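Everything below concerns the one structure shown next.
The values are calculated or read from the model by the stated rules, or taken from the named source; none is laboratory data. Owing to the predicted nature of the structure, the values given are computational and were not obtained by experimental measurement. Using ideal geometry, Cβ is built from the backbone for each residue, glycine included, and neighbour counts are taken over all protein chains shown.
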Amino acid sequence: MRLTAVRRWIRDPLVRSMVGVLVIAGTLVGCASSPPGGGVQVVDRNQRDRVTSGQYIVRRGDTLWSIAFRFGWDWRDLARVNGIQPPHVIYPGQRIRFSGGATRTAAATPQPVPKPSSGPAPSTPVVVANPVPRQPAITTQPKPAVSQPARTPVTPVTRSASGWAWPANGTIIGRFFSNGSLNKGIDIAGDLGQPVLAASDGTVVYAGSGLRGYGELVIIKHSDTYVSAYGHNRRLLVREGQQVKAGQSIAEMGSTGTDRVKLHFEIRRQGKPVDPLQFLPRR
């Protein structure tokens, strides 16, 4: 008798509708649950090793160094493979290849020099065509500026034997892992707006937010071998082409592209991430 009553109750259209609503609501609550710790894991940082196939179409704001950084290349190798000569100018819409031998642009192809003729010189003048102007370029070298940017403060810093200094004060909350981990550098906790300092002398070769997972990012070229990167800033204080000194303020610490205020700091040697703690002074 009781079983028959339960069956009739389940068959009731109103009861079945209520049960369906409860199931859907439970599903939505489960989907909206926060991950452990309540933080949103916004981490990409291009978790891959050197890309060795395919191509990339240059967009406005890209530099040779930002593309090399994104795809795990040494900028010199990337320039050589694509036949990009100094001053390493790239253009919107240009195809950057990650495989094959070096290619040469039309402008870089030498023309054969004609041998001098033994006969009399021609009486008609030789007309030399003017070169066709190319579209505006994205330059990766310092641009001639009308006015120099205001120099930001330089903080006295302690350097290691190899010449590196800490880019910020704070506790290390994320360490470098070389086994394909997302973290290709170290993360330093700090306060919103805290100064971010250049870790060594060099030239700013990228300042922007075009690399996913890094937020507002600064990349500094220190030599043909080393570059350093400073991510998740609130505000950038330098621009591309600017010369900086170790200890100079280059940005304000922030949380762009991540879930908390911190500095993500990387050192790359010939395009490959290395552990910054092997270069920074002990503290």
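Residue selection: LYS262 fails the criterion of being among the basic types (Lys, Arg) and under 17 Å from TRP164 (Cβ atoms).
From the set of residues in the stretch 58-89 that are outside any loop (DSSP other than H, G, I, E, B), β-branched (Val, Ile, Thr) and modelled with pLDDT of 90 or more, which is farthest from ASN183 (Cα to Cα)? Here the residue is VAL81. Scan the stretch 197-215 and give yes if some residue there is acidic (Asp, Glu) and assigned to a strand (DSSP E or B), otherwise no. Scanning the stretch 197-215 turns up no residue that is acidic (Asp, Glu) and assigned to a strand (DSSP E or B).
Would you confirm, using the coordinates I've provided, whether VAL204 is surrounded by 16 or more Cβ atoms within 10 Å (Cβ to Cβ), of a type outside the set (Lys, Arg) and touching a Ser or Thr at 6+ places or on another chain (Cβ under 9 Å)? The answer is no for VAL204.
Residues that are at pLDDT 95 or above and among the aliphatic types (A, V, I, L, M) were ranked within the stretch 206-221; the one that is farthest from the chain's Cα centre (by Cα) is ILE220.
Return yes when GLY254 is within 13 Å of the chain's Cα centre (by Cα) and small (Gly, Ala, Ser) and no when it is not. When the stated conditions are applied, GLY254 does not pass them. Kindly evaluate ARG239 against the criterion of being free of Cβ contacts under 8 Å to residues at least 60 places away in the same chain and either farther than 23 Å from ASP74 by Cβ or of a type in the set (Ser, Thr, Tyr) (or both). Judged against the criteria, ARG239 is not a match.
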